[in-house]
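For reference, the structure is listed below as structure tokens.
The values are calculated or read from the model by the stated rules, or taken from the named source; none is laboratory data. In this text, all values refer to a predicted model and were calculated from it rather than measured experimentally. Cβ: placed from backbone, ideal geometry, glycine included. Neighbour counts: every protein chain shown.
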Amino acid sequence: MSVIFTCGHKAKDDEDGWTISTKAYTRENNRAIDYRTVCNNCYHVYEMEDLILYGEADVEKWLEGE
């Protein structure tokens, strides 16, 4: 049985993935939050692109437009 992460990549045998909250937008272009589990490589991409929200304070700031 294989595990496929939200990012679409197949989990390696020793990989648990990262459960993260990321910046997102709705169809109406309002700020939103995506909750996902991603592979190690995609985690680092999200991190480099400054898309990860670390905790409730970051989530609130994002949704409030800060």
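Please indicate, with yes or no, whether at least one residue in region 25-39 is of a type in the set (Gly, Ala, Ser) and at pLDDT below 95. Looking through region 25-39, none of the residues is of a type in the set (Gly, Ala, Ser) and at pLDDT below 95. The set of residues in region 10-27 that are of a type in the set (S, T, N, Q) and part of a strand (DSSP E or B) comprises THR19, SER21, THR22.
Scan region 29-55 for residues that are of a type outside the set (Val, Ile, Thr), within 29 Å of LYS10 (Cα to Cα) and not in a strand (DSSP E or B) and the total you get is 14. If you go through region 46-54 one residue at a time, do you hit one that is in contact with a Cys (Cβ under 6 Å, 6 or more places away or on another chain), surrounded by 15 or more Cβ atoms within 10 Å (Cβ to Cβ) and not β-branched (Val, Ile, Thr)? Taking every residue of region 46-54 in turn, none turns out to be in contact with a Cys (Cβ under 6 Å, 6 or more places away or on another chain), surrounded by 15 or more Cβ atoms within 10 Å (Cβ to Cβ) and not β-branched (Val, Ile, Thr). Consider region 1-45 and keep the residues that are basic (Lys, Arg), under 25 Å from GLY65 (Cβ atoms) and surrounded by 10 or more Cβ atoms within 10 Å (Cβ to Cβ). The one that is farthest from the chain's Cα centre (by Cα) is ARG31.
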